[in-house]
Amino acid sequence: MQQLKKLYAKSIDENGKRTTLIQHLREVTLQMCEFINLYKNDLLSIDVELNIPRLLVYSAFFHDFGKIHPDFQKQLLEDSKIWGYRHEVLSLAFVSYLNVPDNELPIY
């Protein structure tokens with residue numbers, strides 16, 4: 001866990017602070033949970049064989065895992081040249097660690 005605290009999600013903000021990846025993922029996931037709670041009845045009424053709330057939470061939680069890549073972190077920390085790859089695509093590599101039913105995998 002200590003190593004994860006050294007990973008960042010964003011460049012330095014206007015206050016001179018960096019948002020850690022853990023902090024960012026937590027905030028986004030909590031926002032998604034609030035959204036789900038607000039629209040729970042609507043989400044559950046969607047006539048598909050998917051667990052929409054689960055898809056939303058998983059997507060919120062995993063959306064920036066690709067930022068773990070050392071070159072992305074170097075770009076943030078050293079304000080170096082643009083890395084040139086989409087971190088979102090790398091995030092997809094972590095989907096296999098989720099307990100996702102087969103019918104929902106194509107959504108990711």
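The values are calculated or read from the model by the stated rules, or taken from the named source; none is laboratory data. Because the structure is a prediction, the values reported are computed rather than measured. Cβ placement follows ideal geometry from the backbone for every residue including glycine, while neighbour counts extend to all protein chains displayed. Quick note on the areas: whole protein, heavy atoms, side chains included, nothing else; ligands and nucleic acids left out. Shrake-Rupley method; radii C 1.70, N 1.55, O 1.52, S 1.80 Å.
For every residue, the table says whether it meets (1) among the β-branched types (V, I, T); (2) open to solvent by 40 Å² or more (accessible area, probe 1.4 Å); (3) under 23 Å from A93 (Cβ atoms).
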position: K5; (1), (2), (3): no, yes, yes
position: E14; (1), (2), (3): no, yes, no
position: L21; (1), (2), (3): no, no, yes
position: H24; (1), (2), (3): no, no, yes
position: L43; (1), (2), (3): no, no, no
position: I46; (1), (2), (3): yes, yes, no
position: L50; (1), (2), (3): no, yes, yes
position: R54; (1), (2), (3): no, yes, yes
position: A60; (1), (2), (3): no, no, yes
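For the range 63-85, residues that are open to solvent by less than 30 Å² (accessible area, probe 1.4 Å), touching a Ser or Thr at 6+ places or on another chain (Cβ under 6 Å) and modelled with pLDDT of 90 or more total 1. What number of residues within the range 86-108 are hydrophobic (A, V, I, L, M, F, W, C) and either exposed (fewer than 11 other Cβ atoms within 10 Å of the Cβ) or closer than 30 Å to G16 by Cα (or both)? Residues meeting the conditions: 2. A residue that is touching a strand residue (DSSP E or B) at 6+ places or on another chain (Cβ under 7 Å) and more than 22 Å from L30 (Cα to Cα) cannot be found anywhere in the range 47-62.
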